[in-house]
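Working notes, beginning with the structure itself.
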Amino acid sequence: MSGTNSSVPPGIARATSIKAVVFDWAGTTVDFGSLAPVRTLQRVFEQAGCPVTEAEARLSMGLPKRDHIQSLLRAPEVATRWQKVHGTAPNERDVELLYEHFVPLQFDCLAEYAAVIPGVTMITAKLRERGISIGSTTGYTRAMLDVLLEHSRRSGYQPDVSFSPEDVGSGRPHPFMMYEAAVQLKVYPMASIVKVGDTPADIAEGLNAGAWTVGVVETGNMVGLSLAELNALPKSERDARVAAGKAALVAAGAHYVINSVAELEPVLKEIEERLMAANGVTR
C-alpha cells in the first residue's frame, strides 16, 4: 500500500527507492588501500627531485590525475621544496611534464594493484538481484580505466557503465560523470542514486550531482594501507586510523560512512526508508 504526496504534480518522479549505485575504483572496489596512484605519484615527484610524503600524495586523491598533480604543486610545502630544487615556482609546464611522466608509470603498476576488494562481488550480486543498476566513475584516464575493467571482469565485477573524466569533459568534484551514468542507465531522479567512494572528492562528486553519498574508510585512501598492513596493526592504532578517516569523510559531507562496500546493504535499506518517509510512502 502506498500513500501519495499531493504537492508533487502528476508526471514528476519521486525518489522512493534506490535505482542505481555508482562506485569509485581504487580504494573502493579495487586496489585495497588505494596504493597504485600514491606509489606512482611519489615516484614521479622523487624523480623530479622533489619527493612528497604519502600523506601529501593522498590529500587530493580522487581528482583527475592531472588535477591531482597540479594540486600537489600548489601545496605550500611542496611548492617551496620545488622552488629550492628548480629555482622557480612550479608552473603549468611543470604540471604537464609531471603528468606526461606519470601516465606510463601508472600503466606499469595498474595490473599489480587491480585485485578486487573482498566483498565487492558479493554486494554487486545482491544489487543485481534487487534490480539496482551499477555504475562507476574514476579519476583515472579512459585507457587506465579500461585496464581495470578487464581485470575486474575476470574477477566477477563488471559495472553496467563506467566513466572517466575525459569521457564527459571534466572530473571530480564536478558531477558530470554521475550525470552521464544516470543518462546511460536511464535512472532518475538523482536522489535515487547512491555514490560510493573513499575520498572527499568522491563525496563532492555525489553531492554536486544531488545523489546520496557513502564514504568507504578501511579499504581506501583515508586509511591507506593494504589488507595485510591493516590486519597487522594493533587494535588501538587501527581504530584511531579508521576514526580519523571516518571523521574526514563526514566532514566532506558523506551521508554515511562504512568500512567497506561489504557493509553497504543496511545503508541502502535505511536510505530507502528515509526516501519513503519523506514522500509519504508506506509498504
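Observations on the structure shown:
- Close pairs (6 angstrom Cβ cut-off, 6 or more residues apart or separate chains): in the same structural domain as Ser136 (by TED's automatic domain parsing) in region 56-71, in a loop (DSSP other than H, G, I, E, B) and surrounded by fewer than 21 Cβ atoms within 10 Å (Cβ to Cβ) anywhere: none
- The residue of region 236-269 that is farthest from the chain's Cα centre (by Cα), among those that are farther than 17 Å from Gly197 by Cα and without any contact (Cβ under 8 Å) to a residue 12 or more places away in the chain, is Ser236.
- Any hit, region 84-105, residues being among the polar types (S, T, N, Q), outside the structural domain of Leu225 (by TED's automatic domain parsing) and outside any loop (DSSP other than H, G, I, E, B): no
- Check on Thr124, assigned to a helix (DSSP H, G or I), modelled with pLDDT of 95 or more, closer than 21 Å to Asn259 by Cα and among the polar types (S, T, N, Q): yes
- Selection status of Val214, assigned to a loop (DSSP other than H, G, I, E, B) and in contact with a strand residue (DSSP E or B) (Cβ under 6 Å, 6 or more places away or on another chain): no
- Tallying residues that are surrounded by fewer than 17 Cβ atoms within 10 Å (Cβ to Cβ) and of a type in the set (S, T, N, Q) within region 122-177 yields 3.
- Test for Pro118: is it under 17 Å from the mean Cα position of the chain (by Cα) and surrounded by fewer than 16 Cβ atoms within 10 Å (Cβ to Cβ): yes
- The numbered conditions (1) of a type in the set (A, V, I, L, M); (2) assigned by TED's automatic domain parsing to the domain that holds Val44; (3) touching a residue at least 24 places away in the same chain (Cβ under 8 Å) are all true for Ala182 except (2).
- In region 13-29, the residues that are outside any loop (DSSP other than H, G, I, E, B) reach residues that are of a type in the set (D, E, K, R) with C-beta atoms within less than 6 angstrom, at least six apart or across chains, in these pairs: Val22/Lys195.
Every residue, every condition in (1) assigned to a helix (DSSP H, G or I); (2) in contact with a His (Cβ under 9 Å, 6 or more places away or on another chain); (3) of a type in the set (A, V, I, L, M), yes or no:
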position	(1), (2), (3)
His174	no, no, no
Tyr179	yes, no, no
Ala191	yes, no, yes
Gly220	no, no, no
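- Of all residues in region 121-132, those that are assigned by TED's automatic domain parsing to the domain that holds Ser192 have Cβ atoms under 6 Å from Cβ atoms of residues that are assigned to a helix (DSSP H, G or I) and of a type in the set (Val, Ile, Thr), 6 or more apart or on another chain, in Ile123/Val261.
- Residues located in region 164-188, provided they are out of contact with any Leu (no Cβ under 8 Å at 6 or more places or on another chain) and closer than 19 Å to Phe107 by Cβ: Pro165, Glu166, Asp167
- Filter pass, Leu230 being within 30 Å of Pro10 (Cβ to Cβ) and either of a type in the set (Ser, Thr, Tyr) or at pLDDT 95 or above (or both): no
The values are calculated or read from the model by the stated rules, or taken from the named source; none is laboratory data. Just so it is clear, the model here is predicted, and its values are computed rather than measured. Note that we place each Cβ from the backbone using ideal geometry, even for glycine, and neighbour counts take in every protein chain shown.
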